1. Normalise the Cα radius of gyration of the stretch 69-117 by 2.2 N^0.38 Å (N = residues in it) and let me know the number.
2. Just how much of Y10 is accessible, in Å², when a 1.4 Å probe is used and the result is rounded to the nearest 10?
3. Just to verify a number: FRET efficiency for L90 and V47, C-beta to C-beta distance, R0 = 41 Å, to 0.05?
4. Just read off the accessible area of F63 with the full protein assembly in place, 1.4 Å probe, to the nearest 10 Å².
5. With every protein chain present, what accessible area does L85 have (1.4 Å probe, heavy atoms only), rounded to the nearest 10 Å²?
6. Could you sort R103, R114 by accessible area so the largest value comes first, with the probe set to 1.4 Å?
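The values are calculated or read from the model by the stated rules, or taken from the named source; none is laboratory data. No experiment lies behind these values; they were computed from the predicted model shown. Here the Cβ is made from the backbone with ideal geometry for all residues, glycine too, and neighbour counts use every protein chain on show. Surface areas here come from the heavy atoms of the whole protein model, side chains and all, with no ligands, DNA or RNA. Shrake-Rupley method; radii C 1.70, N 1.55, O 1.52, S 1.80 Å.
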Amino acid sequence: MPRGTVASAYYRVSLAKPYAPDGYRAFFGGDTTMFVDSRDPRHVSVVDSSAEPTANVFYDRVFEPAHFGWMVNGWWRILWFGFGLTPLALGVTGLSTWLFRRRTRRRRAAHAGRRAAPPR
């Protein structure tokens, strides 16, 4: 074993249930967890958290798919992505407008200062 690593007593594998369409839940921990003993691979323990009713069933089945856009097809998600980028676009255009106006104001003030100076 390499130096600095800790030996684990088991391996942990998480699986997602099929209610998440097209495998979009691959980046989540999953609903079913399997624990495999690192010394004896025949010793397996399966914990199915989706089989037990919890207070978060409504959230898991409605709010989570709605939040991540799993309830609609890809075209709606592209449209929603565009709406999500709107604040960024407004921030960039607002900053560029402010910088442009500030630069114009400074140039006008400098030009007016040169005209107001008495000739030598």
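1. Working: Rg = 20.9 Å, N = 49, 2.2 N^0.38 = 9.7 Å.
The reported ratio for this selection is 2.17.
2. Here the accessible area works out near 110 Å².
3. Details: r = 46 Å, r/R0 = 1.13.
Approximately 0.35, to the nearest 0.05.
4. So the heavy atoms of F63 present about 110 Å² to solvent.
5. 80 Å²
6. Working: R103 125, R114 165 Å².
Sorted by accessible area, descending: R114, R103.
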